[in-house]
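Report on the structure given below.
The values are calculated or read from the model by the stated rules, or taken from the named source; none is laboratory data. What you see is a predicted model; the values in this text were computed from it and never measured. A quick note on method: Cβ atoms are made from the backbone with ideal geometry, for glycine too, and the neighbour counts reach across all protein chains shown. Heads up: the accessible areas ignore ligands, DNA and RNA and are worked out on the full protein's heavy atoms, side chains in. Shrake-Rupley method; radii C 1.70, N 1.55, O 1.52, S 1.80 Å.
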Amino acid sequence: GGGGGGGGGGGVASGLLAGRPFLDIDINDCKTKGALTRKQTHEEVTSQTGASIVIRGRYKPPGDTSTDERPLHLHLEADTQEAIERAEAILRELMGPPPEPAPGYSNGGGTCDPAAAAAAALAGSAATVGGAASGAA
């Protein structure tokens, strides 16, 4: 008998795909998705960790409740779980703080504060990604 499906959650799916570890990171609501979807970013992460990154899903603006396609996310695959975790750490640093605010801290409800993401990227100079603030209307 097969196991049941997982519930809705924190925008992350992980497990094994054809025997290889994988991880999906939801970036649909992230303000730094411009940097997260750049080929240069993916090449740097891949060269540092060995994990491959594929952009999947489509961008859903706020209020879009359609379920025909998954929201925009990064699909990571690697030979080892360690490589996945290292790649995730770099990407999470670029994403900035998680959506749920820390106790006693309010940033006006914005997901992925770009200033914090830029500061994190600078602090952890492992990820040298220029032009994170791309978002011309």
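Ordering ASP79, ASP24 by accessible surface, largest first, gives ASP79, ASP24; the 1.4 Å probe counts only protein heavy atoms, with every chain in place. For ILE27, the residues 5 or more places off, or on other chains, whose built amide H falls under 5 Å of its own are HIS73, LEU74. Packing around the peptides 54-67, 83-96, taken as the average count of other Cβ atoms within 10 Å per residue, puts them in this order, highest first: 83-96, 54-67. Neighbours of VAL12, meaning other residues whose beta-carbon lies under 9 angstrom from its beta-carbon, give a summed charge of -3 when Lys and Arg score +1 and Asp and Glu score -1. Projected over all directions and averaged, the alpha-carbon convex hull of the stretch 30-77 occupies 3.6 nm².
For GLN81, what is the net charge nearby, where nearby means another residue's Cβ is under 15 Å from its Cβ and Lys, Arg count +1, Asp, Glu -1? If you can, show how the numbers build up before the last one.
Numbers: positive: ARG20, ARG86; negative: ASP24, GLU77, ASP79, GLU82, GLU85, GLU88.
That works out to -4.
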